[in-house]
Amino acid sequence: MENYLWAIGMGFEPQFGYMRRMDTKLHQILTAVDDVYDIYGTLDELELFTDVIRRWDIDAIEQLPDYMKMVFFSVYHAVNGTAFTALKEQGLNIIPCLKKVWGALSKSYHIEAKWFYNGYKPTLAEYLKNGWVSVTLPIILISAYLVSSPLSKEVLESLPEYPDFIRHASMIIRMVDDIRTSAVWNLIDLLLSY
């Protein structure tokens, strides 16, 4: 329900019904992928998972654990289903664009996993350079645009290069998310100290 409410916030008008359904699915899939990187995957497994997503190679999933196969299939199926609709309705193949942004997100998540497993504390510059992608706003905005707007080849080629409005909005969301998280943990630390 929460995911659907986020989608309503992005486009409440009746003509954006398809975008709301696709955005709700995307949020659910992003949560599963994030959990693979943050909770379930070992560093070696995450290396393989990232490689499979970046190459978009369905044949390479045999090297993945079963739970990762299921998550990759979810991503693959959702992207291909969305691409089929775009091809049918607008005559354009959006898979290269979506492959690129999913690859960037998986690379970003993998960098954070390596930092965690190696006990590395990135500099602020390193963290922000990676964090504006790992906050997932780029993939959310691009996916929403691809399912709700008339498309052109020029737009499809420019989106995975992340126009400034996507970069800047993502950086703001990254910082707001971190400030909110930091405030919550500071409050928890304060309560536990009593």
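The values are calculated or read from the model by the stated rules, or taken from the named source; none is laboratory data. These numbers come from a predicted model, not from an experiment. Every residue, glycine as well, gets a Cβ built from its backbone with ideal geometry; the counts of neighbours run over all protein chains shown. Protein only, heavy atoms only, side chains kept; ligands, DNA and RNA dropped before computing areas. Shrake-Rupley method; radii C 1.70, N 1.55, O 1.52, S 1.80 Å.
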Next on the checklist: Can you go through Ala104, Ala125 and tell me which one is among the hydrophobic types (A, V, I, L, M, F, W, C), within 19 Å of Asp57 (Cβ to Cβ), open to solvent by 10 Å² or more (accessible area, probe 1.4 Å) and out of contact with any Ser or Thr (no Cβ under 9 Å at 6 or more places or on another chain)?
Outcome noted: Ala104
Checklist entry - If we keep just the residues of the range 44-74 that are open to solvent by 10 Å² or more (accessible area, probe 1.4 Å) and among the aromatic types (Phe, Trp, Tyr), which is farthest from Gly103 (Cα to Cα)? => result Tyr67
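For the range 110-122, which positions are more than 20 Å from Val33 (Cβ to Cβ) and open to solvent by 70 Å² or more (accessible area, probe 1.4 Å)? Step through it out loud before you land on a result.
As a first pass, look at the range 110-122 and keep what is more than 20 Å from Val33 (Cβ to Cβ): 118-122.
The answer is Asn118, Tyr120, Lys121.
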Item to check | helices (runs of 4 or more DSSP H) wholly inside the range 137-194 that include at least 1 residues being modelled with pLDDT under 80 and open to solvent by 100 Å² or more (accessible area, probe 1.4 Å) | outcome: 164-192
Checklist entry - Can Asp23 be described as assigned to a helix (DSSP H, G or I), modelled with pLDDT under 95, open to solvent by less than 60 Å² (accessible area, probe 1.4 Å) and among the charged types (D, E, K, R)? => result yes
Checklist outcome for this item: Log entry, pairs with first residue in the range 116-133 being in a loop (DSSP other than H, G, I, E, B), second being surrounded by 10 or more Cβ atoms within 10 Å (Cβ to Cβ), beta carbons closer than 6 Å, six or more apart or on different chains, reads Pro122/Trp115
